[in-house]
Every structure is written in structure tokens, then in C-alpha cells.
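Before any comments, here is the structure.
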2 protein chains.
Amino acid sequence: MDVLKRKSEILKAISQPTRLRILEILREGERCVCDMIPQLGEEQANVSKHLSILRQAGLVDFRKNGVSSFYRTRYGEIYKIIDLAEEIVKKEVLKTAELVKEMGLKR
Amino acid sequence: MDVLKRKSEILKAISQPTRLRILEILREGERCVCDMIPQLGEEQANVSKHLSILRQAGLVDFRKNGVSSFYRTRYGEIYKIIDLAEEIVKKEVLKTAELVKEMGLKR
DNA sequence: TGACAATATTACTATATTGTAAAACAATAT
DNA sequence: ATATTGTTTTACAATATAGTAATATTGTCA
């Protein structure tokens, strides 16, 4: 097994916008697909496909109860990763704000 | 600006195997493109393109010195993200190892 | 100036990804 | 048995991405 490729797969699976939103929902704990669909406002088939990508990437577990499927995240690290990405965004915003401030002063 | 989209962009930029390798080289500090190419064993044009993707994603800074370009990482968070992905891989390996052990005992 | 070296860009092809629509499944209710 | 509900899978079209080859750009040096 190639660790590099595996790391790439994991990060790629996390990186897609709809999947980020799914993971955000699962941050709270186990959730039924039927609950995710309205929250996401995406086609049911689309949600299902993104869930299957997260499954294939080994990032989520799921169990079936009757006709319903319940998903949950497998690794807390996923959220640490997402939060770090958010920190980068925050830093960017901060940098831009400072730049604006500087430009303002120089008028 | 859409934070979700930006997070997605950042993680996607990091997730590609060749770019992960580039970022691994830059972990040590600023590096010249001319040093990266032989280390990566990839086409010059390909390396250049991946660097431009990292630039566009705002993850690296670069400066020119004569004909050479020197790149460096902009955010330490990038490496925290990569290391967390590696932790997930390690956990997976551990799980598999335990499974193998269990199966071994049950023979 | 002209040649060379390092890097970036463009053009192109092959492959992957996303979203949607339609069909298939499986569990439950009628 | 048939219908219904929740979910997954398949098929397809549009778009994005990665890699390679060729070309352009820029700085340096003879």
C-alpha cells in the first residue's frame, strides 16, 4: 500500500464542497441519510453518491436500520483537518483586512 | 467570499499526490524549482503547473532570483493537515493489523 | 547580439469527477 | 402479492484535472 496515495485519497475525499457539508452534519454524530438530504438541499442520488465516496475512502461507517441508513464519521482527525483549513481561511481574511487598513492609512 | 468553497479549494490543492510531494520538499524550507524537479522525477512542465496550482490556491509564496524561482509554504497548518491524514492512515494500518492478529488466533 | 538555462505557458489527449435522470433494491406496510 | 419508502446503483453529459510535448518568456553570460 502506498501511503502517499492513501493520504491523497483521504484529503481528496474530504475536499469536495458537498462532502464537506456532509461531514459537517456528521460532526454532531450519527445521522440518517433521510435527515441529510433536506439539510443539504441536494438531489437524493447525489447525496448517496457522495456518501459512497466517503465510504470508499474509508472515512465513514454506516449501519442499516430497516430502510434507513445511518452514517457516522470514523476518525476525529477529519474534523481537525477541516478546522485547520478554516484556520488558513481565517488567516487569509486577516491578511486582507490588514492590507485594506494599510491602504486606508496611506490615503 | 464563500468559506466552504475556499476550504474545499485549499484541501483539493493539497490532496494531489505530486503536490503532496512538493509540499513535503518545502517542509524543510524554501526550495528552488531546479532542485525539486530531480527530486520529484517529474517533467519540468508538470512540476511548474503543480506549483502554479499551489500558487493560485494561495498556499505558497515565491520569489525570483535571476532565472531561478524559489518557493516556500505560506501556512504551517498545511503540514498539520498532511500529518493528520498520515495519522488516519496509521490508524487504518493498526486496525488491519489487529484484524489479522484476531484471525490468526482463531485458526 | 546571440546562445543558453530555468521557468512558465499553451495546446492537446486521456482520464476523473460532478450532477441529474432513470432504474434497481430491500424492507416494510397494505 | 403489490405498493411504498428510503437508499443505492447505473447511465449519461458536462466539466475539470493530470500529464506530455511544444513553445514562449526571462535573465545571464560570452
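The table below gives the values:
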quantity	calculated
Single condition B:Arg6 does not satisfy, out of (1) away from every other protein chain (no Cβ under 13 Å); (2) among the basic types (Lys, Arg); (3) within 16 Å of DNA strand D (Cβ to nearest atom)	(1)
So A:Ile78, is it buried (at least 16 other Cβ atoms within 10 Å of the Cβ) and over 17 Å from B:Glu92 (Cα atoms)	no
Of residues in the stretch A:58-72 being within 14 Å of another protein chain (Cβ to nearest Cβ) and surrounded by fewer than 19 Cβ atoms within 10 Å (Cβ to Cβ), the one nearest to DNA strand D (Cβ to nearest atom)	A:Asp61
Those residues of the stretch B:30-50 which are open to solvent by less than 20 Å² (accessible area, probe 1.4 Å) and more than 14 Å from every other protein chain (Cβ to nearest Cβ), in sequence order	B:Cys32, B:Met36, B:Val47
Test: residue in the stretch B:15-27 that is open to solvent by less than 10 Å² (accessible area, probe 1.4 Å) and farther than 17 Å from B:Ala85 by Cβ	no
Subset of the stretch A:1-16 [of a type in the set (Asp, Glu) and part of a loop (DSSP other than H, G, I, E, B)]	A:Asp2
Selection from the stretch B:23-53 of residues that are touching a helix residue (DSSP H, G or I) at 6+ places or on another chain (Cβ under 7 Å) and more than 11 Å from DNA strand C (Cβ to nearest atom)	B:Leu23, B:Ile25, B:Arg27, B:Gln39, B:Leu40, B:Glu42
Scope the stretch A:38-49; condition more than 6 Å from DNA strand D (Cβ to nearest atom) and within 18 Å of A:Arg63 (Cα to Cα); matching residues	A:Val47
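The values are calculated or read from the model by the stated rules, or taken from the named source; none is laboratory data. Source: prediction; values computed, not measured. Counting neighbours? That spans all protein chains shown, and the Cβs are built from the backbone with ideal geometry, glycine included. Please note that ligands, DNA and RNA were not included when accessible areas were found on the heavy atoms of the full protein model with its side chains. Shrake-Rupley method; radii C 1.70, N 1.55, O 1.52, S 1.80 Å.
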